[in-house]
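Reading through the structure tokens given below for one structure.
The values are calculated or read from the model by the stated rules, or taken from the named source; none is laboratory data. Only a predicted model underlies this, so the values are computations on that prediction, with no experimental measurement involved. As a convention, Cβ positions derive from the backbone with ideal geometry for all residues, glycine included, and neighbour counts pool all protein chains shown. What goes into the accessible areas is simple: the full protein's heavy atoms, side chains included, and nothing from ligands, DNA or RNA. Shrake-Rupley method; radii C 1.70, N 1.55, O 1.52, S 1.80 Å.
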Amino acid sequence: MRVSLPSLSGQLKQGFQPLYLLFGAETLLVEEALQPIRTCAKQAGFLERLRFTVEPGFDWNKLFEYSQTMSLFAEKRLIELRLPTGKPGDAGAKALIDYAENQNADDTTLVVICGSIEKRAQNTKWFKTVEAAGIVIECPTIGADKLPNWISQRLTAGGLEFDFDAVERLSHFVEGNLLAAAQEINLLSLLYPKQQISAEIIEQVIADHARFNVYSFVDACLAGSVHRVIRILHSLKREQMEPVIILWALARDTRILCQLSVAMEQGERPQFQRYGVWSSRSGIVNAALKRLSRAQWENILRRLGRADLMAKGRASLQRKDIWEEIESICLGMCGLRIQ
């Protein structure tokens with residue numbers, strides 16, 4: 001059964017289950033979801049806790065052995081199995097299916113703790129079997145649009161008073177780094193327990209923890225957000241992201257935009273999923289298609305190809321460095337003309 005993260009506490013009150021699966025890209029949320037399960041396990045008499053991490057060469061027979069044998073002290077047993085990649089492989093998939101179909105509800109509870117699991121992987125047999133036999137909790141990513149609300153709830157839970165400007169400023173500093181957000185809110189609770197948190201206080205005590213990846217950068221380019229494009233690109237440069245990786249990601253989505261533009265010119269109603277565009281990104285893809293024409297996107301793709309050769313030393317630079325070339329291309333994606 002799939003249970004939302006906010007509903008987990010209520011579900012635990014209905015009874016402790018023999019099988020749980022936690023997964024999501026936000027490590028902080030996954031770890032925080034694990035805590036009430038541990039507390040409930042202790043209250044239910046599961047006093048022995050075993051922890052395993054799946055690494056290359058992991059012996060999946062351990063899962064069967066520990067789930068079928070009694071504890072040395074005849075205590076109920078909680079097994080925490082960390083699967084960072086979310087991919088158990090053939091042996092792991094078989095072991096998880098066997099456990100789900102033959103679980104011992106009285107003596108053992110298994111909690112599988114994963115990182116992100118792609119939509120396609122959620123349709124595999126092992127995942128579906130675990131979902132049918134146990135409780136599955138997804139810890140979804142907190143995007144830029146949802147971060148202010150998450151921070152507001154977190155500040156309120158910490159007993160802090162705050163204004164809107166403080167939330168917006170804190171969101172700016174910690175975007176893409178939820179753990180840093182939680183840590184800074186804890187720090188504010190210690191330093192200003194009886195004072196309203198303002199933007200000025202945020203400026204004084206919060207360092208810039210914003211962390212981005214190449215995918216958030218591509219999304220900013222497609223959305224046409226010039227300020228955000230510049231900010232993320234400079235962040236990626238500071239973190240020494242390889243330019244060829246950025247160019248690859250940009251070219252991949254630009255190629256899709258070219259294909260969609262052709263379909264639209266032919267009078268077709270483009271089916272985004274057919275081109276690998278999920279519904280969560282349909283808005284920014286639509287915005288990109290309306291902003292530039294087919295010819296313009298094809299020109300962007302050609303420029304990305306030349307920039308890739310420049311980054312690999314197979315073509316001469318036309319600007320100061322490859323970063324300035326990427327910036328020029330991306331501002332073009334936003335609809336600006338750069339000489």
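Quick look at the values:
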read-out: Residue match in region 70-78 (condition: open to solvent by less than 20 Å² (accessible area, probe 1.4 Å), more than 26 Å from Glu118 (Cα to Cα) and polar (S, T, N, Q)); value: yes
read-out: The lone exception for Phe212 - which of (1) farther than 21 Å from Ile284 by Cβ; (2) modelled with pLDDT under 90 it fails; value: (1)
read-out: Region 227-237, residues that are hydrophobic (A, V, I, L, M, F, W, C) and open to solvent by 10 Å² or more (accessible area, probe 1.4 Å); value: Ile230
read-out: Given (1) in contact (Cβ under 8 Å) with a residue 24 or more places away in the chain; (2) surrounded by 15 or more Cβ atoms within 10 Å (Cβ to Cβ), index of the condition Gly89 fails; value: (1)
read-out: Test: residue in region 139-146 that is assigned to a loop (DSSP other than H, G, I, E, B), crowded, with 20+ Cβ neighbours inside 10 Å, modelled with pLDDT of 90 or more and of a type outside the set (A, V, I, L, M); value: yes
read-out: Residues of region 155-188 classified as buried (at least 21 other Cβ atoms within 10 Å of the Cβ), charged (D, E, K, R) and more than 11 Å from His209 (Cα to Cα), total; value: 0
read-out: Residue in region 159-167 that is of a type in the set (D, E, K, R) and in a loop (DSSP other than H, G, I, E, B) present; value: yes
read-out: Filter result for Val229 (of a type in the set (A, V, I, L, M), touching a Cys at 6+ places or on another chain (Cβ under 6 Å) and either closer than 30 Å to Glu324 by Cβ or not in a helix (DSSP H, G or I) (or both)); value: yes
read-out: Filtered residues of region 199-226 (kept if among the aliphatic types (A, V, I, L, M), open to solvent by 30 Å² or more (accessible area, probe 1.4 Å) and part of a helix (DSSP H, G or I)); value: Val205, Ala223, Val226
read-out: Flag for Gln183 being outside any helix (DSSP H, G or I) and polar (S, T, N, Q); value: no
read-out: Residue tally, condition open to solvent by 40 Å² or more (accessible area, probe 1.4 Å), within 23 Å of Leu147 (Cβ to Cβ) and part of a loop (DSSP other than H, G, I, E, B), over region 12-30; value: 1
read-out: Selection from region 92-118 of residues that are in contact (Cβ under 8 Å) with a residue 60 or more places away in the chain, in a loop (DSSP other than H, G, I, E, B) and either open to solvent by less than 20 Å² (accessible area, probe 1.4 Å) or more than 12 Å from Phe23 (Cα to Cα) (or both); value: Gln103, Asn104, Ala105, Gly115, Ile117
read-out: Close pairs from region 130-152: first under 19 Å from Ala33 (Cβ atoms) and free of Cβ contacts under 8 Å to residues at least 12 places away in the same chain, partner open to solvent by less than 30 Å² (accessible area, probe 1.4 Å) and of a type in the set (Val, Ile, Thr), Cβ under 9 Å, at least 6 apart; value: Asn149/Val167
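Each row is one residue, and each column tells you yes or no for (1) touching an Asp or Glu at 6+ places or on another chain (Cβ under 8 Å); (2) modelled with pLDDT of 90 or more; (3) of a type in the set (S, T, N, Q).
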{"residue": "Arg2", "(1), (2), (3)": "yes, yes, no"}
{"residue": "Leu8", "(1), (2), (3)": "no, yes, no"}
{"residue": "Leu28", "(1), (2), (3)": "no, yes, no"}
{"residue": "Gly57", "(1), (2), (3)": "no, no, no"}
{"residue": "Thr69", "(1), (2), (3)": "no, no, yes"}
{"residue": "Leu96", "(1), (2), (3)": "no, yes, no"}
{"residue": "Asp106", "(1), (2), (3)": "no, no, no"}
{"residue": "Cys114", "(1), (2), (3)": "no, yes, no"}
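This table checks each residue for (1) in a helix (DSSP H, G or I); (2) within 30 Å of the chain's Cα centre (by Cα).
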| site | (1), (2) |
| --- | --- |
| Gly10 | yes, yes |
| Glu32 | yes, yes |
| Tyr66 | yes, no |
| Thr85 | no, yes |
